[in-house]
Amino acid sequence: MKTAIRIITIISLALVIMVAGIAGGVLLDRTVLTALGSPSSATAAAEDQLHVVRQAWQIIEQRYVDQSAVQPEQLAHGAIAGMVDALGDTGHSRFLSPDMLKEQHTLTQGEFQGIGAEVQMKDDHVVIVAPIDGSPAQKAGLHPGDLILAVDSQDIAGLSLNEVVRRILGPAGTDVTLTILTPNDGQPRDVTLTRARIPLHNVSWAGLPGSNIAHLRITAFSKGVTDDLKEALTDIQQQGYTGVVLDLRNNPGGLLDEAIGVASQFLSSGNVLQEQDAQGAVQDVPVRSGGIATDLPIVVLVNQGTASASEIVAGALQDDGRAQVLGETTFGTGTVLNEYNLSDGSALLLATEQWLTPKGRVIWHQGIEPDVIVSLPDGATSLYPGVEAEMTPEELQSSTDTQLLNALKLLTETE
């Protein structure tokens, strides 16, 4: 794979900022770079529009009635975020403030501080993609698809994702109140959460009571997940379990390298995915040899909080016929995001390629459609291994996690 220095030239408002450096893909765990043109290569039309932007900056700076609100950093960040939003790549390409970039990096390194929820902009609304297991967001009953309407009683309509996240973030131990709307409910409610430092246990498992099936959950594709999965699969097989429910629900994704490693534990040959560049060229990404569970029966659980790297794994196992996918259509995050660092500590995450399943199916904006569609009842919550370890078979069967119960039924019927 070729590695090059990418020079990013950002002409922002009244300033010209030139940034040079290695731009690694935070969601790729690798570098995919080419050289960009110099400022002199900008088209005449672009120069005309940049002049308009400079005019707008000067008018705001000189004439806006509330001069205390005229903050150069916020204006610059707002302008960059607006440029990215204008691409129409909602929920994928985005601008990250320094605080947001820090949270992104800590998440892929296996730790997190905040309320513990992945959020994205979708249809002009800030939407919860996935709460993290054991996080304040999960404990408060927030679910994928919930809309955030206000932060600390301040309406966020019209704000960028960057501005909303800035209001939600804060030191561990402090409180933040979110006004939440669950689309199926229609009644806004206030939820107060205490921010926390959240250790991520990305791989966990437990035997499902009354069965020979293991429930194996991956919460995010952070660094080291493949190694943790190998250890879990070794324990599962040594203890005599005959099948696995691979739970990718509410998994917001993470590192592509880990997604390839995870899928390769269950596949003996073929491809994990395809990558398609802006020119339409497609490159296969093959399965890595040495998978330790290539014959173990498996059902994959997904929902609308299943995104990014977790969609790659679900799609790979589905295309191969290796597993049935059960649940709800996934979120539809199917782009290769490269990180371009800016001089003030902020960054652009920009889609430069898209992911396809091994059979060429588009993930971006489409998601992975399950083989077996099962939705949770209203108000139901999904189980996770830490809870099941303390349950009796009767308690498991009487739970409201219909997705898990249907997956268990599929696996026991094939024994």
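No lab work stands behind these numbers, since they all come straight from the coordinates. Quick caveat, the model's predicted, so the values are computed rather than measured. Cβ coordinates were reconstructed from backbone atoms using ideal geometry, including for glycine residues, and neighbour counts include every protein chain displayed.
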Just to confirm a number: summing +1 for Lys and Arg and -1 for Asp and Glu over residues other than Ala81 whose beta-carbon lies under 15 angstrom from that of Ala81, what do you get?
-4
Mind listing the phi-derived Karplus ³J(HN,Hα) values for segment 65-75, rounded to whole Hz, using 6.51, -1.76 and 1.60 with θ = phi - 60°, and x for any glycine or proline?
5, 9, 5, 5, 8, 7, 10, x, 5, 5, 5
Rank these for me by crowding, Val84, Val129, going from fewest to most other beta carbons within 10 Å.
Val84, Val129
For Ile59 paired with Ala172, estimate the spin-label separation in nm (one decimal), with each label point 7 Å from Cα along the Cα-to-Cβ line.
4.7 nm
Would you mind computing, in nm to one decimal, how far apart the modelled labels at Asp190 and Val70 are, each placed 7 Å from Cα along Cα→Cβ?
3.5 nm
Taking the beta-carbon count within 10 Å as an exposure proxy, list Ser211, Ser97 from fewest neighbours to most.
Ser211, Ser97
What are the ³J(HN,Hα) values, in whole Hz, obtained from phi via the Karplus relation 6.51 cos²θ - 1.76 cosθ + 1.60 with θ = phi - 60°, for each residue of segment 323-334 in sequence order, with x given for Gly and Pro?
8, 7, 9, 10, x, 10, 4, 6, 5, x, 9, x
I'd like the distance between the alpha-carbon centres of segment 294-332 and segment 44-105, rounded to an integer number of Å.
38 Å
By per-residue mean of other Cβ atoms within 10 Å, what is the highest-first order of 381-389, 135-143, 232-240, 57-65?
135-143, 381-389, 232-240, 57-65
For the chain, calculated [θ]222 nm from helices alone, where every DSSP H run of n ≥ 4 adds -39500 (n - 2.57)
-8000 deg cm²/dmol
Karplus (6.51, -1.76, 1.60) ³J(HN,Hα), θ = phi - 60°, over segment 351-358, in Hz, Gly and Pro reported as x:
6, 10, 8, 10, 8, 10, 6, x
Multiply the residue gap between Arg288 and Ala157 by 0.36 nm, knock off their C-alpha separation, and tell me the result in nm, one decimal place.
42.6 nm
Based on the mean of other Cβ atoms within 10 Å per residue, sort peptides 268-280, 144-156 so the most packed one is first.
144-156, 268-280
Measuring from centroid to centroid over Cα atoms, what is the spacing of segment 176-241 and segment 381-415 in Å?
14 Å
May I ask for the angle, rounded to the nearest 10°, between helix 402-413 and the longest principal axis of the chain, with both axes built from Cα atoms and the value confined to 0 to 90°?
40 degrees
Give me the angle, in degrees from 0 to 90, between the Cα long axis of helix 98-108 and the longest principal axis of the Cα atoms of the chain, rounded to the nearest 10.
20 degrees
In a shell of Cβ-Cβ distance under 13 Å around Lys230, excluding Lys230 itself, what net charge do Lys and Arg (+1) and Asp and Glu (-1) give?
-4
For Lys122, go through the lysines and keep the ones whose alpha-carbon is under 30 Å away, minus same-chain ones fewer than eight residues off.
Lys102, Lys139, Lys223, Lys359
Please list, in chain and number order, the residues 5+ apart from Gly367 or on another chain whose amide H is under 5 Å from its amide H, with Hs placed from the backbone.
Gly332
